[in-house]
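**Student:** One structure, as structure tokens, below. Some questions next.
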Amino acid sequence: MKNLTFIILLLILTFSCNKESNEISLCDKLEGVWRAESYTEDGVEFVPGSIQSFEADFDKLSDSKGDIQFKYIYDDGSTVIFQGNYVPNSTCNEMDITFKNVATFSMDFTYIGEKLNIEGNIDGYSVKIKLKRT
């Protein structure tokens, strides 16, 4: 009986100590809506500026890719939306983005606290975006 009690106690301790980590991967941290605090193209600031608002909406990853939407609202009230998908690399510091009717481009991304910085080359323009989760 002592052996059975010892085995059961050992199993309980083993499984209770092997709890999965609650940490979110860097790739999964992308999920959600992010609003630009700064948006520059070739060193020219557009947010704040002629772009009233820019949002990047990253859907949850499924099979290593997810849906993405970039939404631009300009000072004149017009809105332009690009939709497509994103695929982060294995180290979660770069992603390939493909929008409908636009060539695939790559952007590097880093986190500084709860803020997200993405930068890369879009259609020949050097783009740097500093975002905050909404």
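The values are calculated or read from the model by the stated rules, or taken from the named source; none is laboratory data. Quick caveat: nothing in here was measured; it's all calculated off a predicted structure. Every residue, glycine as well, gets a Cβ built from its backbone with ideal geometry; the counts of neighbours run over all protein chains shown.
**Student:** Out of all the residues in the stretch 70-90, which are of a type in the set (S, T, N, Q) and surrounded by 16 or more Cβ atoms within 10 Å (Cβ to Cβ)? Can you show your working first?
**Tutor:** First, pick out the residues of the stretch 70-90 that are of a type in the set (S, T, N, Q): 78-79, 83, 85, 89-90.
Correct list: Asn85 only.
**Student:** In the stretch 28-76, how many are in contact (Cβ under 8 Å) with a residue 12 or more places away in the chain, within 18 Å of Asp96 (Cα to Cα) and among the polar types (S, T, N, Q)?
**Tutor:** So the count comes out to 2.
**Student:** Now, a different point. Residue by residue through the stretch 91-101, note down the ones that are under 20 Å from Phe54 (Cβ atoms) and either in contact with a helix residue (DSSP H, G or I) (Cβ under 9 Å, 6 or more places away or on another chain) or loosely packed, with under 14 Cβ neighbours inside 10 Å (or both).
**Tutor:** Answer for the stretch 91-101, where residues must be under 20 Å from Phe54 (Cβ atoms) and either in contact with a helix residue (DSSP H, G or I) (Cβ under 9 Å, 6 or more places away or on another chain) or loosely packed, with under 14 Cβ neighbours inside 10 Å (or both): Met95, Lys100, Asn101.
**Student:** When you go through (1) closer than 11 Å to Pro88 by Cα; (2) in a strand (DSSP E or B) one by one for Leu26, which number turns out not to apply?
**Tutor:** (2)
**Student:** Please state which of the following conditions Thr134 fails to meet, knowing it meets all the rest: (1) modelled with pLDDT under 95; (2) within 16 Å of Arg35 (Cα to Cα); (3) over 15 Å from the mean Cα position of the chain (by Cα).
**Tutor:** (3)
**Student:** Name the residues in the stretch 55-69 that are surrounded by 14 or more Cβ atoms within 10 Å (Cβ to Cβ) and either more than 10 Å from the chain's Cα centre (by Cα) or not β-branched (Val, Ile, Thr) (or both), would you?
**Tutor:** Going through the stretch 55-69, the residues surrounded by 14 or more Cβ atoms within 10 Å (Cβ to Cβ) turn out to be 55-59, 61, 65-69.
If the condition is that a residue be surrounded by 14 or more Cβ atoms within 10 Å (Cβ to Cβ) and either more than 10 Å from the chain's Cα centre (by Cα) or not β-branched (Val, Ile, Thr) (or both), then Glu55, Ala56, Asp57, Phe58, Asp59, Leu61, Lys65, Gly66, Asp67, Gln69 are the ones that fit.
**Student:** Report, by residue number, each residue of the stretch 50-80 that is among the small types (Gly, Ala, Ser), modelled with pLDDT under 95 and in a loop (DSSP other than H, G, I, E, B).
**Tutor:** Within the stretch 50-80, Ser50, Ser64, Gly77 qualify.
**Student:** What's the total number of residues in the stretch 81-95 that are polar (S, T, N, Q), out of contact with any Ser or Thr (no Cβ under 9 Å at 6 or more places or on another chain) and in a strand (DSSP E or B)?
**Tutor:** Number of matching residues: 1.
**Student:** Moving on to the next point. Applying the selection to the stretch 78-92, what residues are over 15 Å from Asp63 (Cα atoms) and of a type outside the set (Val, Ile, Thr)?
**Tutor:** In the first step, residues of the stretch 78-92 are kept if they are over 15 Å from Asp63 (Cα atoms); the result is 78-84, 91.
Within the stretch 78-92, Ser78, Phe82, Gln83, Gly84 meet the criteria.
**Student:** Of all residues in the stretch 104-121, which are part of a strand (DSSP E or B) and without any contact (Cβ under 8 Å) to a residue 60 or more places away in the chain? Lay out the reasoning, then the answer.
**Tutor:** Of all residues in the stretch 104-121, those part of a strand (DSSP E or B) come to 105-112, 115-121.
Phe105, Ser106, Met107, Asp108, Thr110, Ile112, Asn117, Glu119, Gly120, Asn121, listed by residue number.
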